[in-house]
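Participant: Once you've had a glance at the structure underneath, I'll fire off some questions.
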Amino acid sequence: MSKIAEAFNNKKAFIPFITCGDPDLETTKKIIKELEKNGADLIELGIPFSDPTAEGPVIMEANIRALKNNITTDDVFEMVSQVSKEVNIPLVFMTYANVVYSYGSERFFKRCQETGICGIILPDVPYEEKAEFEDIAADYGVEFISMIAPTSEDRIDMISAGAKGFIYIVSSLGVTGTRKELNGNIKTLVERVRKNTDVPCAVGFGISTPAQAAEMADISDGAIVGSAIVRVIAEHGKDAPSQVGKFVKQMKEAYYVS
């Protein structure tokens with residue numbers, strides 16, 4: 001069983017997302033440790049990028065703050081190499097094709113293996129083009145995580161059948177960001193995915209409250225929360241770790257409230 005699969009083993013996973021280097025890399029390390037301490041089962045780490053097309057304003061601004069700190073991909077790898085020795089849950093990157101291209105795909109995935117990154121999510125890479133990244137990633141033990149959206153339609157069966165690690169179910173159209181209401185058809189989408197694979201699936205995009213996280217975890221194998229956490233970081237800056245910890249604890253505890 002892969003380390004990512006273990007994050008879902010006999011439990012509903014809570015998966016937070018943060019942008020590395022916001023407000024700085026030392027704070028990012030502290031946040032990662034607080035996330036694990038307060039119930040995170042797997043963490044998505046964003047590499048700062050100037051054009052994160054899947055992101056809404058909250059995470060876009062986090063990228064801008066990190067880039068103003070001159071955070072580079074090498075800086076992120078160095079931070080991960082340190083913190084991965086201090087946490088036991090899997091770490092995956094959520095970034096963009098150009099970040100990998102510009103670094104050099106083979107060099108990038110080799111560094112992932114060396115630093116303890118278990119998986120990668122590239123939201124701007126369609127299913128038909130994933131082999132260009134997935135094959136190299138697999139050579140270095142990095143699982144390429146597929147995304148399925150409500151608009152995937154006739155491609156859902158194909159995408160889910162070939163999935164690795166876990167499947168990222170996009171709850172709504174558009175970019176990341178908190179929403180008052182989530183797509184009511186997620187349950188049907190998850191049921192269809194499960195007909196094609198035993199790979200776990202988690203729902204993300206728009207989840208911002210403990211009740212929403214619990215609802216999505218009940219429907220699927222876990223919930224992914226990004227913008228709501230990044231907003232806490234933006235508000236508290238270097239004092240964010242403990243505040244993020246409290247927020248995540250509330251999210252995870254909601255899973256067990258009937």
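Participant: So which of K164/K252; K68/K110; K33/K249; K68/K252; K12/K195 end up more than 21 Å apart by C-alpha?
Facilitator: Where the Cα-Cα span goes over 21 Å, the pairs concerned are K164/K252; K68/K110; K68/K252.
Participant: Per q in 0.15, 0.17, 0.21, 0.22 1/Å, what log10 I(q)/I(0) does a Debye calculation on the alpha-carbon atoms of segment 1-113 return?
Facilitator: -0.65, -0.84, -1.24, -1.33
Participant: Along the Cα→Cβ direction, 7 angstrom out, place labels at K11 and E129. What is the inter-label distance in nm?
Facilitator: It is 3.7 nm.
Participant: Scaled to the compact-protein estimate 2.2 N^0.38 Å, what is the alpha-carbon radius of gyration of segment 3-254, rounded to two decimal places?
Facilitator: 0.91
No value in this document is a laboratory result; all are computed from the given coordinates. Every value quoted in this text rests on a predicted model; they were computed, and no experiment measured them. Cβ coordinates were reconstructed from backbone atoms using ideal geometry, including for glycine residues, and neighbour counts include every protein chain displayed.
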